[in-house]
Every structure is written in C-alpha cells, then in structure tokens.
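Q: Before I ask anything, let me first share the structure, which is written out below as structure tokens.
The values are calculated or read from the model by the stated rules, or taken from the named source; none is laboratory data. A quick note: this is a predicted structure, and the numbers were derived from the prediction, not measured. In this analysis, Cβ positions are derived from the backbone assuming ideal geometry, glycine residues included, and neighbour counts consider all displayed protein chains.
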There are 2 protein chains.
Amino acid sequence: MSQSFAPVLIAGCWRESRSVGSFHADNPTLGESIPITYPVSSREEVLEALEAGAEAAEALRTTDPAAIAEFLERFAALIEANAGDLVELAHTESGLPRSPRLKDVELPRTTGQLRQAAAAARDGSWRRPIHDAAANIHSVMAPLGGPVVVMGPNNFPFAFNSASGGDFAAAIAAQNPVIAKANTGHPGTTLRMAELAHEAAQAVGLHPATLQLMYRTPREVGLELVSHPLVGATGFTGSKSAGLQLKAAADRAGKPIYLEMSSVNPVVILEGALQERGSALVDEFFGSCTMGAGQFCTNPGFVILPDSDAGRAFVEAAVSSFKAGTPGVLLGKGGRDGLVEAVAELTAAGATLLCGGAAVEGPAYRFQNTLLQVTGDAFLANPHALQTEAFGPVALLVLSRDTAQTVAILRHMEGNLTGTIYSDTGGADDAEYDVVEPPLRQKVGRLINDKMPTGVAVSPAMNHGGPFPATGHAGFTAVGLPTSIVRFTALHCYDNVRPARLPAALRG
Amino acid sequence: MSQSFAPVLIAGCWRESRSVGSFHADNPTLGESIPITYPVSSREEVLEALEAGAEAAEALRTTDPAAIAEFLERFAALIEANAGDLVELAHTESGLPRSPRLKDVELPRTTGQLRQAAAAARDGSWRRPIHDAAANIHSVMAPLGGPVVVMGPNNFPFAFNSASGGDFAAAIAAQNPVIAKANTGHPGTTLRMAELAHEAAQAVGLHPATLQLMYRTPREVGLELVSHPLVGATGFTGSKSAGLQLKAAADRAGKPIYLEMSSVNPVVILEGALQERGSALVDEFFGSCTMGAGQFCTNPGFVILPDSDAGRAFVEAAVSSFKAGTPGVLLGKGGRDGLVEAVAELTAAGATLLCGGAAVEGPAYRFQNTLLQVTGDAFLANPHALQTEAFGPVALLVLSRDTAQTVAILRHMEGNLTGTIYSDTGGADDAEYDVVEPPLRQKVGRLINDKMPTGVAVSPAMNHGGPFPATGHAGFTAVGLPTSIVRFTALHCYDNVRPARLPAALRG
C-alpha cells in the first residue's frame, strides 16, 4: 500500500518527494507522534533543488528590489491572515503556549522581521556602496550567486523557522533564493509557512524556485548540500554536534556557513547587587531560566556568585523557587533526553545537584527545574566539561572566592552569545565591575547590565552572535536588520566598468 | 662553536630565539644564499608570543586611537627615512628592481597604506556604531581580544610585509597587536621593518608586544599558532597548499582566518575588441603578464579568446612578444621549481605549449616567458587541472568556439580575485557582454573592463578578495582602507549597559 507523504516544494512545484525514508513529528504535550508522514529527501532531490536554486539566484540578482520587498510584505500579511492555523499547528508540534507566546509574541515578531527585511530590501542599506569616482572603482555588497540553505532550530517555530524566520528574511532581502530544510520538530508549521511564502512569491512574479522546501535528508546528503559548489551559503541554528559537522563540511569546500550552536550565557552577580536587591534578582533569574521551559539560546545557564552570605542566600532562595515552579512542556523527547545527559555530564564533572535533575513522569515531555552548584576552584579544575549546555530549565551556580577568581573563571569561558553583570545601582561596586568586564566582554557578543539575557530585541543594534562555539564567526549577527543581511552577501567590485554596465545599486 | 642568529622580537625584547633550527634566505639574482642565519622558532617561543600578544590585546583595546594613529604615522616616516636601506635589503632578498618598483612604487604604497590606516584609526569609521537609544542597545565593531597573526607573501616585501603591509596596517588600525611571521624569502627586510615599527611603537608608548616577530616555525607549530585559543585571527597571503592547511586548522578551532591563496584571473577578450584593437591588446597582455616576472596575485594567467581569425592572430602575436621578451628574475628557487611543475601539470591536462616552458640557465632564478593553449572543448573536459596557477610569466590561452562555450567555461571557473572583459569601445558587442558578464561576475571579487588586472589601487572601493579558493571568504577585502580592517574586528553589542560604561567609540 502506498503511503501519502507531505509534499516537498522543489523548483516551484509542490510534489511528492523522491524520498529515501520518512518520519513523523511528535506532539510533545501529549507525548505521542502526529499521524502525518514527512519524507526524507534523496541526494537526487537535493541536487535538483540546488540546480533550481542556482537558476533562481541568477534571476533574483537582477530582480527589482521593490518586488523583493513586496513579496516579504505580502508574506507577512498572509501569515497574519492565517495566524489561527499557524498558532494551532505550532502549538501542536512544539508544545509552546498559544498565547501569549505564539500568537502575541512570536508571530508579530516574525511578521515584524519580514517587514524590516522588506524595508531593507527597498532602501538598499545592506549594499554599503563605496564609490571612488576618480579611479572609477565602485564596490557594493551583492547576492551570493547561489541559494542559501536555511536550517532552523526547534525552539522558534515562527521567528527562526527555515521558511519564515530571521535567516530566511535576511537571505531573501539580499536577493538570494532559499532552500529551507524544516526543523523536524515542526515540519507541519514549516510546510504551512512555505505554502504562504510560495503563494506570495508567485503573486509578485518572483522566480518559482525563490523558496524550496525539504524536511530531512540523510546525514551525508546534508553535508553535501552545505558544501556543494552551487550553494551560496548556509544559515544553521541548532545543536553544537550537528553544527560542527556541517561547519567542517562547508569549511573544507570554502562555502560560508553561519551557525548558532550553543551558549551558557554567563551571568555575573556582584556582591553589591546582592546586597541591594538579592531577592528581586532571584525572581528575575528564576523567571528567565524557566521561561519557555528554558529552551532559549540566551537562557542564563551559568551564574557566577560570590561565595558570601548573600551569595549563599541567593542560592537557597533560588532552589526554593526552582522547586516550587511547575516545569513547562519541552519541545520534544530529544530535548528531554538531552537534559538527562547534560545533567549527568555536569555532575560527573564535579557539580552538585541542588534540586531537580530528572525527567518528569507523564505523557508530556518535561524536565524538572534544576539547579547545580560548583565552587570556583572545582570549576577551574574542569572548565570545559562544566560549560556543557543543558538546553532547558537548568543552571549551574558557581560560587567564586573573590574577584580574582571570577576573572579566572571568565578567562576560561568559551564563546557565548551573551554575558551579564549585575552590580549595585548606586555604583558601590564599580571598581569590581571594571575588573570583571574586560574578560567577559571578550567572550560574548552581547554584554548586558542588570537584566537577564532572555528576550532578544529585533533592533538594528542587536547582536545575536558571539565568539566560537556560540557561533562560527564573531563578526556577524543572526538578529537585527539590516546587519544580519551581511551574512548572505559577497563584496563585488567594479573597476573601470562602463557606467551603463554597473548594477542598479551603484548607478542610483 | 655557537652560531649567531638574527634576533626575534618577543614580548617587547629583541633577543636570541629559543630555536629548533635555522635557515638562510637566497639572493635570487645571484642564485646563492645570503650569509645571515635566521632561527626557526620553537613551540615554546610561539606560546610565549601568544601570551604576550594576549596581554597587548587587552592594553590596546583601550588605547587612545590617536596613539595608534600616531604610531602608524611615525612608522611611515621611519620607513621613508630608511628607504635606502630597505630598498637595498628588499632588492637583495627578492630580486625585484630597486627602481621604479621598490623605491618609487612599493615603498610609497606601503607608507600610504600606513597613513590611510592611521586616518581610519583616528576617524573610527571602521567601528560602524549602531545606536538604538530607545531600547538602550548599542553595537560597535571592536578589536578581537587576541593578537592577529600575519603571514605575508614573498612578492611584496614592503606592501604585504608581515610587519608593515596591508594586513599589519589593518590589524593595528583596529587596535589588535600583531605577531608577524616573516616570509622566509625576505627575513632581513622584515627584521628591518619590525625594528622601525617597534621603535615607533615605543616612542608612542604602546604596549611593548604590539608587534612581535618570528621568521619560521615547524609546520605543526604554525598550525597550532593559528588555532590557539589566545589568537584573535590570522591574515595569510601565500600558496594554496599552505593556506588550505592553515585554514583547516583554524576552522576546526573556530578561529577566523583570512587567506589570499590563488587566482588565475580570467580575461575574456570578445571578438569586437580584437577587431577594434587586437594588436594593442597583445601589448597590454604581454606587459601585464610578464611585469614583475608575472609574480602578482592578479596576473592574467587565463585568457579566453574566440577561435576566430582575430583570436588566432592574437595568439600568434602574443607568442612573438613572449618569445622576444627577456624573462625577469624570480623571487626565489621555489618559485622557479613551482613553475616547472605547474607547466607540467597544464600540459599533462591537455594544454599545448606554444613557447617557453622551461627554467632559464644561469645563476639567477628565471623562467621563460611561457604561453600554453587549449581549445574550449579540451578545457571543459578537464576544467580543474587546467586552472592550475602558474605563479610567473605564464598564461593559458583558451580558444572558445562561441559565446555559449565561453559561458560554459566561465561556469566551470573556480573563485578568482579578478575577472576582465575586453569589448568593443563603440558597444558593437554589448549583447555578448551581457551574456558573458553574469557567470564571470559570480566567480570574481573585482570585475574589470578594458584593462589588465595587475595594478591593485589602494582605494576604499577596491576589493582584493573573491570567492574560494582565491580567498577564504568572498565578503572581505585585503586591500582598501577602511574596508580591509573589518576582517580584524568582532561585533560587540551593549544592552542596557550604563552610559559611562560604554566604550569611547559609542560615547562619542
């Protein structure tokens, strides 16, 4: 009996996949699989998508930016018109609350990003033209000449979706086609997004392969995809292990790949802040660390506290809050299993479990709110393993002997998306801040004062990036338009080229 | 008997190297080695330089940009004051003519670059600040937090020198210290440059490890250097084989590396241009391809011509010119041996030798002016091997059947620094230009009309970069200030940070 698969979108056609396997997504709230079958695309299908994507890249390169902008705006409007469906789909596949999270926060953020990308496409600010009229040399940022592969994460089914999220919007704004590889946690949401995007692209008359959609490939085909001569670049958000494999393949081929992989987001709480507002900080920390069941790239998973009375009081109060809080539903079974593993790695590395540490029984995928603790000395004895990311409502509290030890701890940190310092609002510990800030600054993309790292504003000044292994390159951001667009561009210089032959962006 | 080695500059001290070997440079004009012994630095010495470089990075991060600028300007003045010595040293080590090349072209270019870098340091344009006052989020490009390793090429002993060239200037302008690894072809020139730079840095009171100097390391130590946790980034210009090894090591560690590795710089000459000014084009081509004995990254090593009467006449005339020209002195024995090998690879891949093809007898290192030829069909049968770079006065002429074949050839090109199209000045072949330009545009960093690719203007609009394997990333340029500085920066965001704690570049 032939099985009916969800369709793929290749070269402008919704069609049955040339598949080599299939999979189902889970409903994490019910802890059971959703009865829709999604195909695993074959190498043949991936190569077909690359060929079509290369053609689309040539067409989009000279497409009027106004048409690109119109496409993005129409797509945003279609998302709004279909918000009900989308929220229901995403809730079913991700377990994230319909409201406020999906409907009132993430969906408006997604349409906002698309409209900001439209504005950037229209005003062309991402092109950064440079003219040397005397020498008749002109430079401009340009599309990559090949499709951008987008592999979105599981934790933002709209705002980082492969077919509607930040990487999609940035790639399209720079006039690159997109090959979306759905996150296998929410293939149905991605399919619906791709339908709306394709409808909008067709309405505006963009090349039919402006967006293509697949759900999954065999591992080695995925590695070939990101390193293929026809590919322009890849945007990946996900686990460090998958990211590093893709990075190695792309690097060997000299293909750009932008990755957001892992971050424990160190938070340094100085004694002055604890003295001033210790119990308020416990609430802030608890809220930030357990919000969305802790499944944010910027979750505060690593807190450095003084080993003082105030520091120990913070720990005690935090443990009470974490124990009292109801664990949220996780995005999937894999996330739950990963948390079991991460906590085991942290305790094996010398951390003491203060509360939680186990999966919650029941059909839904949940994990207990979890705190671990380690001394500064113990951390410094095993700094690599004690930076294991636990993607969920889990944090490691590090009790530091003194400022010098805090500096030593920070010098051993790997690259992170964010780093936070809480200090006395009256400036009582400014001298300590000045000592702690430099080593932290070098290890993070975004330095924060006096608030938790969750909540990434879509601002032109945002940096959602940071040193390896948080991302693959500390010079780029995945959030914040138009800056995030730069990832999907190449620098094109025109030397002595006749004026009528210059691209529109240089003639303007 | 103890042997006296040229000193290294580590952590602010000129001292004897903790060496594990030694080498001599050659005088390529005399074909004999120069009796000065240079050390091969040990792993221990490299780690010492990294530690000192990390300290310098912290100090330079908050150094007044005016002091950085003053350093660069003093250094430029010292170079001018010591021009005679420097020219003599560089001539001895490289065989390049004292005048006009070294004295009147490359030296002024080098001091010009340093002064442009000083201007960029002073005006801070490279920092690209972005303010979101309402959200209190601010971003700015910042130094990398670790030393920049510069490994310069053999062919520009001043302008791309590890201790005075474009990468050095760009890294310093962004307030990064530099660990210079001399090109082993001109260690004496590099030592003299480093002396002058160090003198200028000391006079201004910069951190003593602002510049450090080594000459050579064992291979595995070089790989460790570019991938070490303390390193900020690497700028490398040199051979593809060395570059790819360094790239693999740096990529694995997630350390930025900017490479300029190889380029055959395709030149497409359309029938209209041949009809209009064929014999003038032969002169242009001969001049560009044999200038500096052809040892330029932008040497026109790959020319696509129509297989027409005019195309064949061009070939015939070019062969006459190449045969009649006197081969220049090469930079070294390695370059001569590399040319023998490259020509053998090209002929083995199906190219026909039209003239030259062998080393010239005599003490000086020279190679005959060399032309090879291949049909479009033959090229398409073996496109990879027929793009082997021959770094010298050597070019492959490809006779293309028609425009469609030219497009097919261009689609098979690897990434290059430049691509040139010659066409009729009256526009007779504009339709053909429009077909040929798009596939060429995607494969090169700099698209040129109606002139040869040699001669890289130091202009803000220049792109001396291009798709892999010409470089490691098509978004960056190695020449052209302030744009080249971006390579040696990280994006730093400040979120809710108290105003007085923002860096000066964001407070201004």
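Q: Scan (1) touching a helix residue (DSSP H, G or I) at 6+ places or on another chain (Cβ under 9 Å); (2) over 23 Å from B:Ala233 (Cβ atoms); (3) more than 8 Å from chain B (Cβ to nearest Cβ) for the single condition A:Val456 breaks and write down its number.
A: (1)
Q: Continuing with the same structure: Listed residues A:Gly145, A:Gly152; which is more than 30 Å from B:Gly455 (Cβ to Cβ) and at pLDDT 95 or above? It would help to see each step written out before you state the result.
A: Values: A:Gly145 fails: more than 30 Å from B:Gly455 (Cβ to Cβ).
A:Gly152 is the lone residue from the list that is more than 30 Å from B:Gly455 (Cβ to Cβ) and at pLDDT 95 or above.
Q: How do the pairs read when you match residues in the stretch B:487-504 that are free of Cβ contacts under 8 Å to residues at least 24 places away in the same chain with residues anywhere that are in a loop (DSSP other than H, G, I, E, B) and β-branched (Val, Ile, Thr), using Cβ under 7 Å and keeping only pairs 6 or more apart or on different chains?
A: From residues that are free of Cβ contacts under 8 Å to residues at least 24 places away in the same chain, there are no pairs.
This table checks each residue for (1) in the same structural domain as B:Ala358 (by TED's automatic domain parsing); (2) of a type in the set (Lys, Arg).
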{"position": "B:Pro256", "(1), (2)": "no, no"}
{"position": "B:Leu270", "(1), (2)": "yes, no"}
{"position": "B:Gly287", "(1), (2)": "yes, no"}
{"position": "B:Gly294", "(1), (2)": "yes, no"}
{"position": "B:Thr298", "(1), (2)": "yes, no"}
{"position": "B:Val303", "(1), (2)": "yes, no"}
{"position": "B:Ser308", "(1), (2)": "yes, no"}
{"position": "B:Arg312", "(1), (2)": "yes, yes"}
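Q: For the stretch A:365-394, give me each residue that is assigned to a loop (DSSP other than H, G, I, E, B) and among the small types (Gly, Ala, Ser).
A: A:Ala390, A:Gly392
Q: Same structure, new question: Looking only at the stretch A:229-251, count every residue that is surrounded by fewer than 21 Cβ atoms within 10 Å (Cβ to Cβ) and more than 13 Å from chain B (Cβ to nearest Cβ) and tell me the total. Walk me through how you get there before you give the answer.
A: As a first pass, look at the stretch A:229-251 and keep what is surrounded by fewer than 21 Cβ atoms within 10 Å (Cβ to Cβ): A:229-230, A:238-242, A:244-245, A:248-249.
Subset that is more than 13 Å from chain B (Cβ to nearest Cβ): A:238-239, A:241-242.
Matching residues across the stretch A:229-251 total 4.
Q: Another question, if that's okay. Six or more apart or on different chains, Cβ under 8 Å: which pairs go from a residue in the stretch B:188-207 that's at positive phi to one that's at pLDDT 95 or above? Could you list them?
A: B:Gly205/B:Ala67
Q: In the stretch A:478-495, what residues are assigned to a strand (DSSP E or B) and either of a type in the set (Gly, Ala, Ser) or under 15 Å from the mean Cα position of the chain (by Cα) (or both)?
A: A:Ala490
Q: Considering only the stretch A:488-508, state which residues are buried (at least 23 other Cβ atoms within 10 Å of the Cβ) and more than 8 Å from every other protein chain (Cβ to nearest Cβ).
A: Restricting attention to the stretch A:488-508, the residues satisfying the condition of being buried (at least 23 other Cβ atoms within 10 Å of the Cβ) are A:488-495.
Matches in the stretch A:488-508: A:Phe488 only.
Q: If you don't mind, there's one more thing I want to ask. When the residues of the stretch A:422-453 are narrowed to those that are within 9 Å of another protein chain (Cβ to nearest Cβ) and of a type in the set (A, V, I, L, M), which ends up nearest to A:Phe476 (Cα to Cα)?
A: Filtering the stretch A:422-453 for residues that are within 9 Å of another protein chain (Cβ to nearest Cβ) and of a type in the set (A, V, I, L, M), the one nearest to A:Phe476 (Cα to Cα) comes out as A:Val444.
Q: Consider the stretch A:136-161. How many of its residues are crowded, with 20+ Cβ neighbours inside 10 Å, within 13 Å of chain B (Cβ to nearest Cβ) and assigned to a loop (DSSP other than H, G, I, E, B)?
A: The total comes to 5.
Q: Given B:Ala49, B:Ala66, which one is surrounded by 16 or more Cβ atoms within 10 Å (Cβ to Cβ) and either touching a residue at least 40 places away in the same chain (Cβ under 8 Å) or within 17 Å of B:Val148 (Cβ to Cβ) (or both)? Working first, answer last.
A: Numbers: B:Ala66 fails: surrounded by 16 or more Cβ atoms within 10 Å (Cβ to Cβ).
Only one candidate passes the filter, namely B:Ala49.
Q: Out of A:Thr425, A:Thr420, I need the residue that is over 18 Å from A:Ala174 (Cβ atoms) and either at pLDDT below 95 or assigned to a strand (DSSP E or B) (or both). Which one?
A: Values: A:Thr425 fails: either at pLDDT below 95 or assigned to a strand (DSSP E or B) (or both).
Checking each option against the conditions leaves just A:Thr420.
Q: Now a separate question. In the list B:Leu211, B:Leu191, B:Leu196, B:Leu246, which residue meets the criterion of being closer than 21 Å to B:Trp126 by Cβ, assigned by TED's automatic domain parsing to the domain that holds B:Ala57, in contact with a Phe, Trp or Tyr (Cβ under 9 Å, 6 or more places away or on another chain) and not β-branched (Val, Ile, Thr)? Spell out how you get there, then give the answer.
A: On the way: B:Leu191 fails: closer than 21 Å to B:Trp126 by Cβ; B:Leu196 fails: closer than 21 Å to B:Trp126 by Cβ; B:Leu246 fails: closer than 21 Å to B:Trp126 by Cβ.
Answer to the check: B:Leu211.
Q: Within the stretch B:373-396, can you find the residues that are within 17 Å of B:Ser321 (Cβ to Cβ) and surrounded by fewer than 24 Cβ atoms within 10 Å (Cβ to Cβ)? Don't jump to the end; show me each part of the working.
A: Here is the first cut: in the stretch B:373-396, the residues within 17 Å of B:Ser321 (Cβ to Cβ) are B:373, B:392-396.
Across the stretch B:373-396, the qualifying residue is only B:Gln373.
Q: Do we find that B:Leu107 is in contact with a helix residue (DSSP H, G or I) (Cβ under 7 Å, 6 or more places away or on another chain) and either within 14 Å of chain A (Cβ to nearest Cβ) or surrounded by 15 or more Cβ atoms within 10 Å (Cβ to Cβ) (or both) in this structure?
A: Details: in contact with a helix residue (DSSP H, G or I) (Cβ under 7 Å, 6 or more places away or on another chain): yes; either within 14 Å of chain A (Cβ to nearest Cβ) or surrounded by 15 or more Cβ atoms within 10 Å (Cβ to Cβ) (or both): yes.
Taking the combined requirement at face value, the residue satisfies it.
Q: Return the only residue of B:Thr477, B:Thr471 being under 24 Å from B:Leu114 (Cβ atoms), polar (S, T, N, Q) and at the interface with chain A (Cβ under 7 Å from one of its Cβ atoms). Break it down stepwise before answering.
A: Details: B:Thr471 fails: at the interface with chain A (Cβ under 7 Å from one of its Cβ atoms).
Criteria check complete, one pass: B:Thr477.
One line per residue, one yes/no per condition, for (1) closer than 22 Å to B:Glu271 by Cβ; (2) in a helix (DSSP H, G or I); (3) within 25 Å of the chain's Cα centre (by Cα):
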residue	(1), (2), (3)
B:Val315	yes, yes, no
B:Ala318	yes, yes, no
B:Thr326	no, no, no
B:Glu341	no, yes, yes
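Q: Can you pull out the residues in the stretch B:462-474 that are touching a strand residue (DSSP E or B) at 6+ places or on another chain (Cβ under 8 Å) and surrounded by fewer than 24 Cβ atoms within 10 Å (Cβ to Cβ)?
A: Pass one, the stretch B:462-474, residues touching a strand residue (DSSP E or B) at 6+ places or on another chain (Cβ under 8 Å): B:462-467, B:470-474.
Scanning the stretch B:462-474 gives a single hit, B:His473.
Q: Please enumerate the residues belonging to the stretch A:395-417 that are part of a strand (DSSP E or B) and either facing chain B (nearest Cβ under 8 Å) or not β-branched (Val, Ile, Thr) (or both).
A: Applying the first criterion (part of a strand (DSSP E or B)) to the stretch A:395-417 yields A:395-400, A:416-417.
Passing the criteria: A:Ala395, A:Leu396, A:Leu397, A:Leu399, A:Ser400, A:Asn416, A:Leu417.
Q: Among the numbered conditions (1) buried (at least 24 other Cβ atoms within 10 Å of the Cβ); (2) within 14 Å of chain A (Cβ to nearest Cβ), tell me where B:Ala133 comes up short.
A: Of (1) buried (at least 24 other Cβ atoms within 10 Å of the Cβ); (2) within 14 Å of chain A (Cβ to nearest Cβ), only one is false for B:Ala133: (1).
Q: Let me ask something else about it. Can you tell me which of A:Met193, A:Met261, A:Met214 is under 30 Å from A:Ser288 (Cα atoms), buried (at least 24 other Cβ atoms within 10 Å of the Cβ) and more than 14 Å from chain B (Cβ to nearest Cβ)? Write out each step before concluding.
A: Numbers: A:Met261 fails: more than 14 Å from chain B (Cβ to nearest Cβ); A:Met214 fails: under 30 Å from A:Ser288 (Cα atoms).
The unique qualifying residue is A:Met193.
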